[in-house]
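The next block holds one structure in the form of structure tokens; read it before the comments.
Here, each number is a calculation from the coordinates, and none is a lab measurement. Quick caveat, the model's predicted, so the values are computed rather than measured. Ideal geometry is used to build each Cβ from the backbone, glycine not excepted, and the neighbour counts take in all protein chains shown.
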Amino acid sequence: MTQLAAYTTSTGEAFQFWILGTVAVIGALCTILMKKAVHSALCLAGTMIILAVFYLANGAYFLGVVQIVVYTGAIMMLFLFVVMLVGVTAADSLKETIKGQRWLALLCGLGFAVLLFAGIGNASVKEFNGLGKANAGGNVEGLAELIFTKYVFAFEITGALLITATVGAMVLTHRERTERAKTQRERSEERVREGKHLPPLPAPGVYARHNAVDIAGLLPDGTPSELTVNKTLRERGQIRDVSSEALDDLRALEQRSTDRLERPDLRATDSGRTEEASK
Amino acid sequence: MENLIALLVAAPLLGAAVLLCGGRALDRAGHWLGTLLAAASFVVAVVLFADMLGKGAEERTLSQHLFSWLPVEGFQADVAFQLDQLSMTFVLLISGVGTLIHVYSIGYMEHDERRRRFFGYLNLFLAAMLLLVLADNYLLLYVGWEGVGLASYLLIGFWQHKPSAATAAKKAFLVNRVGDMGLSIAIMLMFTTFGTFAFGPVLEATGETSEGKLTAIGLMLLLAACGKSAQVPLQSWLGDAMEGPTPVSALIHAATMVTAGVYLIVRSGAIFNGAPEAQLVVTIVGAVTLLFGAIVGCAKDDIKKALAGSTMSQIGYMILAAGLGPIGYVFAIMHLVTHGFFKAGLFLGAGSVMHGMNDEVDMRKYGGLRKYMPVTFVTFGLGYLAIIGFPGLSGFFSKDKIIEAAFAKGGTEGWILGSVALLGAAITAYYMTRVMLLTFFGEKRWQPDAEGHAPHPHESPKTMTIPMIVLAFGSVFAGGFFGIGDRFLHWLEPVTGHKHGHSPLSAATVTGATVGVLLIGVALAYLQYGRGPVPVTAPRGSLLTRAARRDLLQDDFNHVVLVRGGEHLTRSLVYVDHTLVDGVVNGTAATMGGLSGRLRKLQNGYARSYAVSMFGGAAVLIAATLLMRAV
Amino acid sequence: MSFPLLTATAALPAVGAIATAAVPAARRSAAKWLALLVSLATLALAVTVLVRFDPDGDRYQLTESRAWIAEFGVRYELGVDGIGVALIGLTALLIPFIILAGWHDADPLETKSSRWRPTQGFFALILAVEAMVIISFEATDVFLFYIFFEAMLIPMYFLIGGFGDRAHAGSDENASAQRSYAAVKFLLYNLVGGLIMLAAVIGLYVVAGNFSLQEIAEARANGTLDMATSTERWLFLGFFFAFAVKAPLWPLHTWLPNAMGESTAPVAVLITAVVDKVGTFAMLRFCLGLFPEASKWATPVILVLALISIIYGALLAVGQRDIKRLVAYASISHFGFIVLGIFAMTSQGQSGATLYMVNHGLSTAALMLVAGFLISRRGSRLIADYGGVQKVAPVLAGTFLIGGLATLSLPGLAPFVSEFLVLVGAFARYPVVGIIATLGIVLAALYTLVLYQRTMTGPVKPEVSAMPDLRVRELVVVAPLIALLIGLGVYPKPLTELVNPAVEHTMSDVQQKDPEPEVEAAK
Amino acid sequence: MNPVNYLYLAALLFAIGATGVLIRRNAIVVFMCIELMLNACNLAFVAFSRMHGNLDGQIIAFFTMVVAAAEVVVGLAIIVSLFRSRHSASVDDASLMKL
């Protein structure tokens, strides 16, 4: 158990702080710098767990546990779930579109950090009372006592808030089907009216060696058609291009048949002719 | 008795109001009403005159206080009248000649559909002119002063459909306004110097201020007089003013209004007496104008313009006399009165001639009219003899006195002024003889006009000839009546004061010289115009003649310098106002617009961009809080 | 407390404005008559104020005072002095004429279906302006004054931008673009002035602790309120700037020709004869009353600006081709005279300036309204499109001439009295300024007579040959104005007696005495 | 080691989270960054709780967690419904505020 004394902490805690603190900062940086949202979420989860450890180190046992269970466990899972639902979009690109936004943002962030540091440095926070006395009757009991006495009103309101949030989330995401679903005929007529793409979309993998969903179908000239791949995959950039492989295969096949039929090597003769011409 | 004074002004004013506001219903009787009210004014004047004659010389000044016009702290302007011998002289002249010209106009304007309005304007003029001479302070005088200017404007431009008439009217008013500026500055100077501008206190207090102040006031009054009396350099309007109907030219631009400048100077005699330099300038202006007008008069073929030049010249005599100080005041006024008779007579004669000649004004197209218009010929002839100063007639007495007084000024100035006056007399004789010969003698030179209407010269109706006869009487006898026994001198002396000058030449010498130059002038004109046929189209003439035909190029000068210059100035100012003054503001607006256009780009609609601003703002706020706490 | 007469005078047109606006769309003529009746009733109240006011009594009379925003010391304080009474009278007098002259100006065009109620709006806005102008003349609380000084812009903006002159040279689109340009320009200029004044109003509160004109002036006079010289000067400049925009003084004048040119003639009269007077009035009451020292400090510069306005406005008037813009520039010249009179700091100058405000209102109204009648007959504002009108419409021409003669300050007409007083007042203290200003009278004759000559005289142009003379309604508008111009020109004594005591108070505010005449000074 | 270092760590994490909000376009990642900021705050609260020797800081941190949970639920629901209607989870695509 940590000492929780004033002014200074144990060496163990210091050691723990410097190691885990560094990791937490790296995690936070990775959160904002990772290109894919899933990676960001994972880094954030890591940072949160480290924060949970710090809570524990600071004598907030209940919060530490809650942080792990609720925050990292539930909320971050919710995030991952939404990432899965939403899929990957062009928004994931780190390329800035607003002129000067990145520099301004960095400037603001740095300036703010400096300000906060200056503020903390200026504040008289030398004296640490420690939680020894407050946690004497147990951290959870102490919290419970406060919540149900001094903060009972706020607590009740958080209840209301949670209910409202739940209802709100349902209202926002629920979509009542108000109109009749379109029939197949109507949809085909619509397509004809739009005149963009009359037949159904082509299936992936046609004319290709593979017919997995992430492989684009090849057009007669051997180039891949993006139309054949699911939109979400397209946006995530998870298309495997097999066109070059297919062409190589084709060439290999031709080579083999040439060998077998003992025809003169077309390419060799071609190149030989050019060499002669250049001489 | 003094309560009658207001009636003098009120009668014609009432006439003006009724005639101008009344509708068409008055068209048939309007002219009689106007004439009647003018005559009423004259009758009142005569009554007052008779009353005045019955009093001693010192008690003859009457005054009437009507109401306090403009009472402001430290500034009192009253509507009050003062009738003394000087005003009386003018009142009689104005209402008398005015009435005659009303009568004359009945005939002259018979065929004009706007005759009622014409009489309204004439009445308005009489009221304003009487107000001018009756006012007991300069501000009220100023009201009359501008009032006659307005009437003159309306009457010169009476035939408004003629652009030349409208332009002439505007020009007259504008040039007069320049003079009015002088009068108003003079009044302001009086106010700051004396604290008042009533005649009595101002003229009494002249001794208590510096000569510089008096000179300034005097020069400003002279500027006013120059405007109203068509003296150089503000003389250019008078020739153009002949665009008005001839009775107007006779009344306003010969007999009465144009002499207001002389009245002003004589009335302000005390001021000028204290400012010899101002007096000198007055005499110079008078002398220059008297030559200027005479030269212009020699070259004009338009009978009315020739007479206008003559008027200018004669008023030059009066101004010259007035500038001589106490030795000249009385003679200035005397010449003014006699001039009022003979010049009005001459103009009416000219009007009668034009009436008979289909409104032709070019003397080169007259000739031999004495047979067709005997009455006009005789009255015009008497006026002619009077103006050239033929011994025994009016002009002789008054002009002779002025020449004498000019010599009496003394020193080199006296010699120069006297010689100029003599020279002027010679030129007067020359151009008036020319007018006479061209109009009434020689071959008849008129031809049918473009539409084939040949003029049928005929004598004018009675309403026109009677006033001419009356005026001819005045032209013949007034001078003698005034001059013999110094009757006029004694009448006016209590008001204007008088001093006998010591002429280096004896009175007989001056008279002899006057008669001599007169004969030379007549002879010259006879040699040039009397002996042979006169060409109908004017010969090209010498350089001087051509310049004189163009009013000695003064109009051209005005046109180039003032009109063109003014046009350029206003046009460039309009441009400046649009581009510079407005441009600065519009430019600011455009800059702001551009700036906000740039700033708008910050509002790019991206939530992240706004988040940066919010975050940056929060950072700045925290930094400010920290800094405040640190400080 | 007795009957709140001043509140009633201002409230009546305000209520009338609401009532007029509420008249149903179809009953257009009812709205007109209602507006006319309200304006006449307001005139009756204004006359009552005039009668109840005792020129020799207290400085501010018929006072009303109620707490309003106690936290900031803002009170609802009304009171009038002689100057205020005269200007309230002018406003109340002119509005019926403006309404009558604009009787058909806001009739909906037959070609367009009107979804809104332009007629009701037009007359309601005029009454609203009247209410605000009157209360501006009455307010003795700086903040109260400020609110209405600014609020006036709103109805004026709509009057200029919404009801343009139908006579114009270009196409409809061009005209409406010009009109909205003029309206926006008017609004922006005055708004900028108003905002600067707001800063000064707040500054005044910070320094003085309340907004009451009387209290502050009293405290300043007996020394309990000491203002630093620089503070006073800044506050003065803040106030003066707003008033100089409103007045308008060179070089802040360019909104006026646009606004007057593009709006209908009655609205143009409303702008120049009524609304702009608030600016000059406020210079007299607030600038001189609150900041006497700073006023004296700024006098040289202001006099120069006034002189430039006089000469520059007149010269530009000569150069105009548009009748209404010409009158606008002439007004700029006249406002120069008013400012000159106010800042000459002599009794004659200030009395003259006050009379000038009234007389300029009357003369411009006469000239501009007749010009409006003329323009509505021919459908053009360009001087060159007229000629020989005198022949076909002599009464119109005659009234136009009288309006013009009043503008050029012909003696015998009211403006002469005031102009001469201003000139004398300026001359007494600053002779050179007086002499230069006198040049203005020559230029005034020039632009007026050129205008008259080009439009009324000469050969009759074919386009005007069928022009009807003034109708009865139009005569009813013009005749009383001309009668007043002549009456006040011949017998201005009642007006001067009304104004003189107030001017004496202002003179004692700025602790100035008239310069003694030289001769008496020597004695 | 002085426990105040926890505060510095919290500040650093907060700033990193904030920067992430500003530079990432994927709404989900933005949300994660917000969570990171909330967690940084929680760490600070816990450290303060230790500093003052009472449990109020922990209570506040607890409430923060609850509120964060509610917020995540609603926020993710919004993202999902947005994605449904717009087929994108980029915050830049919701730029209707632009003129």
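Work out the count of Lys pairs in the range C:5-509 where the Cα-Cα distance is under 23 Å, with the pair 8 or more places apart or on different chains.
Close lysine pairs found across the range C:5-509: 13.
In terms of Cα to Cα distance under 12 Å, which aspartates and glutamates are near enough to B:K371, apart from those fewer than 8 places away along the same chain?
Cα-Cα hits under 12 Å: B:E443, B:E459.
For the ranges B:39-47, C:358-366, B:572-580, what's the packing order if you count other beta-carbon atoms within 10 Å of each residue, average per peptide, and put the highest first?
Working: B:39-47: 19.3, C:358-366: 29.0, B:572-580: 15.0.
Ranked from most to least packed, the peptides come out as C:358-366, B:39-47, B:572-580.
Where a Cα-Cα gap under 26 Å defines reach, which lysines qualify for B:K213, not counting those fewer than 8 residues away within the same chain?
B:K228, B:K409, B:K499, C:K513, C:K523
What share of the DSSP beta bridges in the protein assembly as shown is antiparallel, in percent to the nearest 5? Walk me through the numbers before you get to the answer.
Working: 25 of 26 bridges.
Within the protein assembly as shown, antiparallel bridges account for around 95 percent of the total.
Rounded to the nearest 500, what is the 222 nm mean residue ellipticity of the protein assembly as shown from helices alone, with -39500 (n - 2.57) per DSSP H run of 4+ residues and division by all residues? Walk me through the numbers on the way to the answer.
On the way: 62 runs with 1044 residues, N = 1532.
The helix-only estimate for the protein assembly as shown comes to -23000 deg cm²/dmol at 222 nm.
Taking every residue in C:184-190, how many Cβ atoms of other protein chains lie within 10 Å of its Cβ, on average? Kindly include the intermediate steps, with their values, before the conclusion.
Values: counts 1, 4, 0, 0, 3, 1, 0.
What the average comes to for C:184-190 is 1.
Considering only DSSP states other than H, G, I, E and B, which trypsin sites (Lys or Arg not before Pro) in the range B:501-571 qualify as loop sites with at most 14 other Cβ atoms within 10 Å? Mind dumping the intermediate values first?
Details: sites: B:R531, B:R540, B:R546, B:R549, B:R550, B:R564, B:R571; in loops: B:R531, B:R540, B:R550.
In loop regions of the range B:501-571 (DSSP not H, G, I, E or B), the sparsely surrounded trypsin sites (Lys or Arg not before Pro) are B:R531, B:R540, B:R550.
So what is the relative contact order of chain B, in percent, for Cα pairs below 8 Å that sit 6 or more residues apart?
Values: 1053 pairs, mean separation 75.8, N = 631.
Relative contact order here is 12 percent.
What angle do you read, to the nearest 10 degrees and between 0 and 90, between the alpha-carbon axis of helix C:292-318 and the longest principal axis of chain C?
Value to nearest ten degrees: 20.
C:K296 versus B:D449, label points 7 Å from Cα toward the beta carbon: distance in nm?
7.0 nm
Which cysteines in the protein assembly as shown lack any other cysteine whose Cβ sits under 4.7 Å from their own Cβ?
That list is A:C108, B:C21, B:C226, B:C298, C:C287, D:C33, D:C41.
Please list B:303-316, C:271-284 highest first by mean number of surrounding beta-carbon atoms within 10 Å per residue.
Numbers: B:303-316: 27.4, C:271-284: 25.9.
Going by the mean number of other Cβ atoms within 10 Å, highest first, we get B:303-316, C:271-284.
Under the definition of partner shielding as Cβ atoms of other protein chains within 10 Å of a residue Cβ, what is the mean value for peptide C:448-458?
Values: counts 2, 11, 3, 0, 6, 7, 3, 0, 3, 11, 8.
That works out to 5 on average.
When we measure straight from the Cα of A:K133, which aspartates and glutamates land under 15 angstrom away, once same-chain ones fewer than 8 places off are left out?
Here the aspartates and glutamates satisfying the reach criterion relative to A:K133 are A:E141, A:E145, D:D56.
Taking the 0 to 90 degree range and rounding to the nearest ten, how far is the long axis of helix B:487-496 tilted relative to the main principal axis of chain B, both from C-alpha atoms?
Orientation of helix B:487-496: about 20 degrees from the principal axis.
Relative to the longest principal axis of chain C, what angle (0 to 90°, nearest 10) does the C-alpha long axis of helix C:153-162 take?
So the helix axis and the longest Cα principal axis differ by about 10 degrees.
Let me know the mean shielding of B:71-82 by other chains, meaning the per-residue number of their Cβ atoms within 10 Å of its Cβ.
Partner-chain Cβ atoms within 10 Å, mean over residues of B:71-82: 6.
Applying the Karplus parametrisation 6.51 cos²θ - 1.76 cosθ + 1.60 with θ = phi - 60° to the phi angles of the range C:89-94, what ³J(HN,Hα) value in whole Hz is obtained for each residue in order, glycine and proline being reported as x?
Calculated HN-Hα couplings, in order: x, 4, 4, 5, 6, 6 Hz.
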